[in-house]
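Engineer: Below you will find the structure I want to go over with you.
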Amino acid sequence: MNEGLDTSLTVVLAKLEKRFGGRLRKQTECCGDLTITVEPEDWMRVLSFCRSARELAFDQLDCLLGDHLPERTGAPFEVVVHLLSHTHGHRLRVTTPLAEGQDLPTITGLWPSAGFDEREAWEMYGIVFAGHPDLRRLLTTEDFEGFPMRKDFPLRGTVGGRIRTDLRGKI
Amino acid sequence: MSGTQDTQGLVPAAQALSRRPSLEELRERKDRTRRHLEPTGDVMTISMGPQHPSMHGVYRAVLDLDGEVILAVRPEIGNLHRGVEKLCEHRTYHQIIPLTDRLDYISGFAMNHGFCEAAEKLMGVEVPARGRYIRTMTHELCRISNHILWLGTSIMDLGTQTFFTICFRDREYVLDLFEMLTGARMTHSFARIGGVAKDLPDGFDHRCRKVIDFLPKRLAEYERIIKQNRIFLKRAKNVGIFTSEDCHAWRVTGPTLRAAGIARDLRKDEPYAAYPEVEFDVAVEYNADVYDRFLVRMKEMRESCKIIRQCLDKMPPGPFLAPDAAHSLPMKKNVLRDSAAMIQDFYQVFRGPQVPRGSVYRCVEAPKGEMGVYIRSEGGAKPARVRFSTPSFYHGQAVPALVEGEMVADMIAIFASVDVVLGDCDR
């Protein structure tokens, strides 16, 4: 399974396995990318380990995104982060499955750049990031209803298209 | 003011270039140039943008001011949100390409290229040599046109109207090349999965060489105008210092990171297209201020000219699109002559490429910074999830960290120096 990995990623995987052992749900490898799936409870522990361990040293969060897989009924949502280490030059993808209404601790304390990404994941999928300093709608309007990136949300909407004057002074 | 500065409060240019401040020194400099005021009762809140001319689009920053000092900034984006990622889930891979160059419409090809690199990684498509060279060349032309536009608008924000028109005149030469090559001036949609849409037209080589011979002379002229401009130096040197650790924390990449002394360039670090086969230097500066970001971009344009010249010299013969019937379109000129190509064209247009399951993330060095594309496929012709982690999105987010403690007038210089385009930011 791990044949296509770089040496530095093999080290990363070994290190993570040694530290978390059976708690890592699954490791997959696709086109040279290493993906690690963790439980939502371990989200913070695994990511802060990735940030601080010397062999891993993921000092940059490349992106955080939400995803919706409606066919997975137990846990239809997913949060994916892409990490990058400037010290070692390797990348890692960490994902976690989430049930409807289940929240996830924010990682803005580890990488401040997660702020906008988490706001976007919340407004698009309804994934709540507990402890986020400013969890408001980011790209859509303040009064937008629903979570537009969910698969059951129609592509052609029926809402919006009005100019709001009653929000003056509130935003 | 320390002893390294002359009576005008400026670091002399030669001295600044020869010195490479350490991270501690930069931190200390940043701390010294920013004012740390406690918010008192006299806080004035103003809204800068979305129609403010210096916001380069529809970026809105709500500023809390104490006098002229910025205490806090709340960025508001989303005025240009078009739901590109949602649209991508309803289109085949070929149909997504025209959506991508509406992201960063100043450098459309870089966005096409990023998406195609990611899709090719997922599908396992090899791009033929000629395709890779044309891509590299077009990407660099894009970088030049982006940086010239950036130069014109950012200097205009600092009060030089004429310079803006000069830059636009020279950008026209590059846009003319694009028009000749792709048929469009800004939104090219030129990359295809497995290569590029068209071969080089007749006479392109000659015209392109004329432009890249002429541009470095112009760049030297620009540099002479700006480097001797006392007003620009005053407003750019030691302003908006953003150290490399800040850059990592806020995912600020591209010229801003390279101006902070980090020689990170994906064209070298994670090479793609024909970049491993051409020679160029990574532009690095060390003072992490507005002035150094300007220097980095000027150097990058020269390096781009070098890359384009090498691409033209080495341009290999052969096909410019991968002969991969399952994933890429056929060459258009063959479609009405060859039945196999016609079948392939029908198949690709009506059904789309048949893509394996899996997810990939691929980053390219777009002119504004690192542009990452995440694709998750569940098989079939349409992706299940596409995410563009575009540079301006993160640069727009980093604005509070960049400008808090600075003056309002400096915010304009700093915001211009990180180069945010709102199409890229709001997606």
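The values are calculated or read from the model by the stated rules, or taken from the named source; none is laboratory data. Everything numeric here is computed off the predicted structure, so don't read it as measured data. Backbone-built Cβ (ideal geometry, glycine too); neighbour counts: all protein chains shown.
Engineer: Just to verify a result, which residue in the stretch B:102-132, among those that are among the hydrophobic types (A, V, I, L, M, F, W, C), surrounded by 24 or more Cβ atoms within 10 Å (Cβ to Cβ) and in a loop (DSSP other than H, G, I, E, B), is modelled with the lowest pLDDT?
Structural biologist: B:Leu103
Engineer: Right, next: Could you check the stretch B:97-122 and list, in sequence order, the residues that are in contact with a helix residue (DSSP H, G or I) (Cβ under 8 Å, 6 or more places away or on another chain) and within 14 Å of another protein chain (Cβ to nearest Cβ)?
Structural biologist: Matches in the stretch B:97-122: B:Leu99, B:Leu103, B:Gly114, B:Ala119.
Engineer: Out of curiosity, is B:Leu103 assigned by TED's automatic domain parsing to the domain that holds B:Ser389 and in contact (Cβ under 8 Å) with a residue 12 or more places away in the chain? Spell out the reasoning first.
Structural biologist: On the way: assigned by TED's automatic domain parsing to the domain that holds B:Ser389: yes; in contact (Cβ under 8 Å) with a residue 12 or more places away in the chain: yes.
Here the answer is yes, as B:Leu103 does meet what is asked.
Engineer: Just checking, which of A:Thr73, A:Thr35 is of a type in the set (Val, Ile, Thr) and either within 14 Å of another protein chain (Cβ to nearest Cβ) or not in a loop (DSSP other than H, G, I, E, B) (or both)? I'd like the intermediate steps shown before the answer.
Structural biologist: On the way: A:Thr73 fails: either within 14 Å of another protein chain (Cβ to nearest Cβ) or not in a loop (DSSP other than H, G, I, E, B) (or both).
Unique residue meeting the criteria: A:Thr35.
Engineer: If you scan the stretch B:63-92, which residues turn out to be surrounded by fewer than 17 Cβ atoms within 10 Å (Cβ to Cβ), in a strand (DSSP E or B) and within 14 Å of another protein chain (Cβ to nearest Cβ)?
Structural biologist: Of everything in the stretch B:63-92, those that are surrounded by fewer than 17 Cβ atoms within 10 Å (Cβ to Cβ), in a strand (DSSP E or B) and within 14 Å of another protein chain (Cβ to nearest Cβ) turn out to be B:Ala72, B:Arg74.
Engineer: Of all residues in the stretch A:79-124 being among the polar types (S, T, N, Q) and in contact (Cβ under 8 Å) with a residue 40 or more places away in the chain, which is farthest from the other protein chains (Cβ to nearest Cβ)? Working first, answer last.
Structural biologist: Taking the stretch A:79-124 first, the residues among the polar types (S, T, N, Q) are A:85, A:87, A:95-96, A:102, A:106, A:108, A:113.
After this cut, where a residue has to be in contact (Cβ under 8 Å) with a residue 40 or more places away in the chain as well, the list is A:95-96, A:102, A:113.
On the way: A:Thr95: 9, A:Thr96: 14, A:Gln102: 19, A:Ser113: 4 Å.
The selected residue is A:Gln102.
Engineer: For the stretch B:352-384, give me each residue that is surrounded by fewer than 17 Cβ atoms within 10 Å (Cβ to Cβ) and free of Cβ contacts under 8 Å to residues at least 60 places away in the same chain. Let's see the steps before the verdict.
Structural biologist: From the stretch B:352-384, those surrounded by fewer than 17 Cβ atoms within 10 Å (Cβ to Cβ) are B:354, B:356-357, B:378-380; that's our starting set.
B:Gln354, B:Arg357, B:Glu378, B:Gly379, B:Gly380 - these are the residues of the stretch B:352-384 that are surrounded by fewer than 17 Cβ atoms within 10 Å (Cβ to Cβ) and free of Cβ contacts under 8 Å to residues at least 60 places away in the same chain.
Engineer: Out of all the residues in the stretch B:385-422, which are surrounded by fewer than 22 Cβ atoms within 10 Å (Cβ to Cβ), of a type in the set (Gly, Ala, Ser) and either facing chain A (nearest Cβ under 10 Å) or in contact with a helix residue (DSSP H, G or I) (Cβ under 7 Å, 6 or more places away or on another chain) (or both)?
Structural biologist: B:Ala401
Engineer: Which of (1) in a helix (DSSP H, G or I); (2) crowded, with 24+ Cβ neighbours inside 10 Å; (3) aliphatic (A, V, I, L, M) does B:Leu99 not meet, given it meets every other one?
Structural biologist: (2) is the only condition that B:Leu99 fails.
Engineer: So, one more: From B:Lys306, B:Lys332, grab the single residue that is in the same structural domain as B:Thr243 (by TED's automatic domain parsing), out of contact with any Asp or Glu (no Cβ under 6 Å at 6 or more places or on another chain), at pLDDT 85 or above and among the basic types (Lys, Arg).
Structural biologist: Details: B:Lys332 fails: at pLDDT 85 or above.
On inspection, the qualifying residue turns out to be B:Lys306.
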